[in-house]
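Peer 1: My questions all concern the structure below.
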Amino acid sequence: MAARTIRRRLHHGDIDGRRNEYSDLSGVDALNEPLLGNNNRGGHYNYKGSDDGGEQDWDDKKKEINLHWTRLFANLIAQWSQWLANIILGSGSVLGRFLPISSIASNEQDDPICLCPLQEERYRNLRLRVEVQFDGSRLDHQDALKQLWRLAYPDREIPPLKSELWKEMGWQGCDPSTDFRGGGFISLENLIFFATNYPNSFQTLLHKTEGRRADWEYPFAVAGVNISFMLIQMLDLQSVLPSSKAGVRFLELLGEDEKAFDDLYCIAFRMLDAQWLAKGASYMEFNEVLKSTRNQLERELALEDITSVKDLPAYNMLM
């Protein structure tokens, strides 16, 4: 499988989705860019010649009118919803006594987040890990890459830090240090944690031994960097305190387990592969599968009876 994946691998520019990308990303921070390419099938455009200029102008006018009425109705609906909410949530409202406030203002977070000292310390340490970028010149980062190779291929000799052999693990080129980007050093730590604590699942995904696979498979190591990147965004770990629902919920679980983020990473990787097989996906659908994985994780984190990451239903896939 590894050899077949290598033969079908895109060039580095294609992986990043930039050869077919028409928008200017020069001012976009690396943490806001996808690590794998967008699902861009070629950027086709509908072009009309000069003979259709009058028809084009009329279509533009109709679109402008439709947009105007759409905005007007949207504003009216928003005002009506706010008026209804004020009535229902009013202190003297009968309905307000029976309907939970969260069902009306589920997106609002009125109560401040209060963390115990243990949660504060663990969240601070996690954020410090997120801020560390991979540096190929650091000996400890080089040693971590070598450790990952030993865990992935215990019976094989560790290759040089720049070698075509790294592609077998699912790095895009012969130098893995160029693939971390927004994932940072924590994404390498996540892969090492996965291989150390759940070796069977790790080896299954590395070698893709389960299910009927596409000829054009996702690269294992780069997918792992993507998952770390996705979790950092989903849990809002770059903020002083998370504002997303999943992030606030995660803080509760972090108080119970210092390794909650690392375990959640392993769950997400297993979940992504399961969805990949269920959809019969191929390489260009990776971002779509990653988005579905995020949605499923958010749903499981919202379950009321979850007190630890290991209580998530998807955790059973690791065992």
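The values are calculated or read from the model by the stated rules, or taken from the named source; none is laboratory data. Keep in mind the model is a prediction, meaning the values are calculated, not measured. Cβ: placed from backbone, ideal geometry, glycine included. Neighbour counts: every protein chain shown. With ligands, DNA and RNA removed, areas are computed over all heavy atoms of the protein, side chains included. Shrake-Rupley method; radii C 1.70, N 1.55, O 1.52, S 1.80 Å.
Peer 1: Identify the residue in the stretch 259-307 that is touching a Leu at 6+ places or on another chain (Cβ under 9 Å) and of a type in the set (S, T, Y) and, among all such residues, is farthest from P219 (Cα to Cα).
Peer 2: Going through the qualifying residues, I end up with T307.
Table: residues versus (1) in contact with a strand residue (DSSP E or B) (Cβ under 8 Å, 6 or more places away or on another chain); (2) crowded, with 21+ Cβ neighbours inside 10 Å; (3) not in a helix (DSSP H, G or I).
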{"site": "L118", "(1), (2), (3)": "no, no, no"}
{"site": "H141", "(1), (2), (3)": "no, no, no"}
{"site": "K146", "(1), (2), (3)": "no, no, no"}
{"site": "R156", "(1), (2), (3)": "no, no, yes"}
{"site": "P159", "(1), (2), (3)": "no, no, yes"}
{"site": "T196", "(1), (2), (3)": "no, no, no"}
{"site": "L206", "(1), (2), (3)": "no, yes, no"}
{"site": "Y218", "(1), (2), (3)": "no, yes, yes"}
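Peer 1: Turning to a different aspect of this structure: Please determine whether any residue of the stretch 235-250 is open to solvent by less than 20 Å² (accessible area, probe 1.4 Å), on the phi < 0 side of the Ramachandran plot and in contact with a Ser or Thr (Cβ under 6 Å, 6 or more places away or on another chain).
Peer 2: The answer is no, given that none of the residues of the stretch 235-250 is open to solvent by less than 20 Å² (accessible area, probe 1.4 Å), on the phi < 0 side of the Ramachandran plot and in contact with a Ser or Thr (Cβ under 6 Å, 6 or more places away or on another chain).
Peer 1: Could you pull out the residue among E210, E258 that is closer than 23 Å to P154 by Cβ, in contact (Cβ under 8 Å) with a residue 12 or more places away in the chain, over 14 Å from the mean Cα position of the chain (by Cα) and part of a loop (DSSP other than H, G, I, E, B)?
Peer 2: E210
Peer 1: Pairs under 6 Å by beta carbon, first residue more than 23 Å from R249 (Cα to Cα) in the stretch 216-238, partner at pLDDT 95 or above and open to solvent by 10 Å² or more (accessible area, probe 1.4 Å), six or more apart or different chains?
Peer 2: F220/L206
Peer 1: Would you please name the residue that is surrounded by the most Cβ atoms within 10 Å (Cβ to Cβ), looking only at residues in the stretch 120-139 that are part of a helix (DSSP H, G or I) and among the charged types (D, E, K, R)?
Peer 2: So the residue we want is R122.
Peer 1: Going by what's in this entry, would A268 be described as closer than 15 Å to Q233 by Cβ, part of a helix (DSSP H, G or I) and in contact (Cβ under 8 Å) with a residue 12 or more places away in the chain?
Peer 2: When the stated conditions are applied, A268 passes them.
Peer 1: So Q172 fits all but one of (1) assigned to a helix (DSSP H, G or I); (2) buried (at least 16 other Cβ atoms within 10 Å of the Cβ); what number is the exception?
Peer 2: Just one mismatch for Q172, condition (1).
Peer 1: Can you give me the number of residues within the stretch 129-158 that are more than 11 Å from E189 (Cα to Cα), in contact (Cβ under 8 Å) with a residue 12 or more places away in the chain and among the polar types (S, T, N, Q)?
Peer 2: 2
Peer 1: Whether any residue in the stretch 184-193 is part of a loop (DSSP other than H, G, I, E, B) and open to solvent by 20 Å² or more (accessible area, probe 1.4 Å) is what I want to check.
Peer 2: no
Peer 1: Working only within the stretch 220-234, note down all residues that are polar (S, T, N, Q) and surrounded by 18 or more Cβ atoms within 10 Å (Cβ to Cβ).
Peer 2: N226, S228
Peer 1: If you go through the stretch 295-310 one residue at a time, do you hit one that is of a type outside the set (D, E, K, R), surrounded by fewer than 17 Cβ atoms within 10 Å (Cβ to Cβ) and without any contact (Cβ under 8 Å) to a residue 24 or more places away in the chain?
Peer 2: Yes.
Peer 1: Scan S163, S137 and give me the residue that is of a type in the set (S, T, N, Q), touching a Cys at 6+ places or on another chain (Cβ under 6 Å) and at pLDDT 90 or above.
Peer 2: S163
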